Amino acid sequence: MRLKLQSSTKQSIVTVDDDANVAGLLEVLKEQGYGDVRIKIGFPPRAVSVADGNVRLKDVGIHNGEKLVLEEPSVSPIVPIEQDDTPRSSTPHVGVEDGYCVLRRVPDDNSCLFRSISYAVFANLEEGSQLRSVVADAIRDDEVCYSSAILGKEPSSYAEWIQRPNSWGGAIELQILAKHLGITIHSLDVEHGRIDDFNPGCSTFIVLLYSGIHYDTAAFTPLSNVDCKDLDVCVFTRESELGKAFIKGLRELGAQLNHKGYVTNTSTFKIKCNDCGTVLHGERDASEHASTHGHYNFGEV
């Protein structure tokens, strides 16, 4: 069977016997330069037990074509920082206990919501298409909850539309993905300083920053070089000291970003209809254009 290996630093494809066991896979990983790694599979990724080397890969859920997410052990992210070790960087950040709350920017490519969640949960920007598919499946499976009145179009049409790489996501997508991933997603509206909670009450959470038209990820780093993402933490436990300190720092970071012009005024910003090329001004014009012409494919100008 062919397996795709993905770590934080590289990707590769390996071949093992169809009846290979865990010990055989670990030997292949060793040949590929991996040492003690944690193996995850599925979506969302779940850890695979490698304690018994005699167990067949099929019996732990690894099949032909599987993607193995390999997490190599790292130094604990809670590393004390000297008082005079002050970061000097253009990356927006504020100090929190034992580190910094930082903005991790994602591309302005109409997939920012999906990329920001992908970075927070999977530590990469490449899971957007899978996240879009999760949304589409949820809408198809519950057309009562996700009706045309809620979606602004027929559920089947919306499910097809949201899977296009240039379709924007919003509150509907955040709620579906938070529930699917089993986490709370906090979205900080930077302009108004308001935190919107999606799937509230979970023991773990991630945080997105919302400018009015764009989403980025908020992360914790213990490194004084706040540009380095190697030890980023994006998933927090609600009752932990770090989780509580991070939310407090998040509000300060939001105020800093608002002061520096991170916000986009949705009543005046320019937006382009990718269906007909019309340039529109503000969210109201975009909504009227969508209702009148049936065009929902918008992009940033």
Looking at (1) more than 16 Å from the chain's Cα centre (by Cα); (2) touching a residue at least 40 places away in the same chain (Cβ under 8 Å); (3) in a loop (DSSP other than H, G, I, E, B), which is the one condition that is false for Trp168? (1)
Just wondering, is there one or more residues in region 90-110 that are basic (Lys, Arg) and assigned to a strand (DSSP E or B)? yes
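One residue is enough: does region 154-161 have a residue meeting the conditions assigned by TED's automatic domain parsing to the domain that holds Ser240, assigned to a loop (DSSP other than H, G, I, E, B) and either under 16 Å from the mean Cα position of the chain (by Cα) or surrounded by fewer than 21 Cβ atoms within 10 Å (Cβ to Cβ) (or both)?
If we filter region 154-161 for residues that are assigned by TED's automatic domain parsing to the domain that holds Ser240, which is where we start, we get 154-161.
So of that shortlist, the ones also assigned to a loop (DSSP other than H, G, I, E, B) come out as 154.
Pick out the ones that are also either under 16 Å from the mean Cα position of the chain (by Cα) or surrounded by fewer than 21 Cβ atoms within 10 Å (Cβ to Cβ) (or both) and you get 154.
Yes, region 154-161 contains at least one residue that is assigned by TED's automatic domain parsing to the domain that holds Ser240, assigned to a loop (DSSP other than H, G, I, E, B) and either under 16 Å from the mean Cα position of the chain (by Cα) or surrounded by fewer than 21 Cβ atoms within 10 Å (Cβ to Cβ) (or both).
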So in region 73-112, with the set limited to residues that are touching a Gly at 6+ places or on another chain (Cβ under 7 Å) and modelled with pLDDT under 90, which one is surrounded by the most Cβ atoms within 10 Å (Cβ to Cβ)? Asn110
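Out of the residues in region 195-236 that are aromatic (Phe, Trp, Tyr) and closer than 12 Å to Ala178 by Cα, state the one that is nearest to the chain's Cα centre (by Cα).
Per the criteria, the residue is Phe205.
Would a scan of region 219-227 turn up a residue that is charged (D, E, K, R) and within 30 Å of Asn274 (Cβ to Cβ)?
no
The values are calculated or read from the model by the stated rules, or taken from the named source; none is laboratory data. Given the structure is predicted, the values throughout are model-derived calculations rather than measurements. Every residue, glycine as well, gets a Cβ built from its backbone with ideal geometry; the counts of neighbours run over all protein chains shown.
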